[in-house]
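In what follows, a structure is listed as structure tokens, so that the remarks can point back to it.
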Amino acid sequence: MSLIHFRKGDPNRALLYFNKASAALSMFSHIEDETLFIYRSCCQCKLGNFEAADQDANVALDMNPYSVKGLLAKGEAQYNMGSFEHALKFFYR
């Protein structure tokens, strides 16, 4: 449901669902999927919350350091925060 709202251009509603999913996921510590945090990072970027987007991208990269989408989310957050050199590093990876 949240991906539908994200793709239709409603990041507020999508973020609400992603936050609910994150709260439910926190009960199961054995699940290691970074996709939720990547999408949450993208929503935060669209809403202008770049520091929160950076934190979500960090969580995603902690789970899977080789995630291409995670690296792109981190690079986008860094770019929007004004850290162009750091963003370039993540885009290059």
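Neighbours of Ser83, meaning other residues whose beta-carbon lies under 12 angstrom from its beta-carbon, give a summed charge of -2 when Lys and Arg score +1 and Asp and Glu score -1. Computed over the chain, the P(r) curve from all C-alpha pair distances, binned at 5 Å from the origin, holds 3, 17, 24, 24, 19, 10, 3, 0 percent per bin.
Could you state the angle between the C-alpha long axis of helix 11-25 and the longest principal axis of the C-alpha atoms of the chain, as a value from 0 to 90 degrees rounded to the nearest 10? Tilt relative to the chain: about 70 degrees. Sorted fewest first by neighbouring Cβ atoms within 10 angstrom, Asp33, Asp54, Asp10 come out as Asp33, Asp10, Asp54.
For the pair Met27 and Asn58, the difference between a 0.36 nm per residue extended length and the Cα-Cα distance amounts to 9.2 nm. Hydrodynamic estimate: the Kirkwood radius of segment 29-73 over Cα pairs, inserted into Stokes-Einstein at 4 °C and 1.567 mPa s, corresponds to D of 129 µm²/s. Other residues whose C-beta falls under 11 angstrom from the C-beta of Tyr66 contribute a net charge of +1, scoring Lys and Arg +1 and Asp and Glu -1. Counting only residues at least eight positions apart within a chain, or on another chain, the lysines with an alpha carbon under 21 Å from that of Lys89 are Lys69, Lys74.
Read-outs: derived from the displayed coordinates by stated rules, not from any lab. Keep in mind that what you see is a predicted model, and the values were worked out from it rather than measured. With ideal geometry, Cβ positions are generated from the backbone for all residues, glycine too; neighbour counts draw on all protein chains shown.
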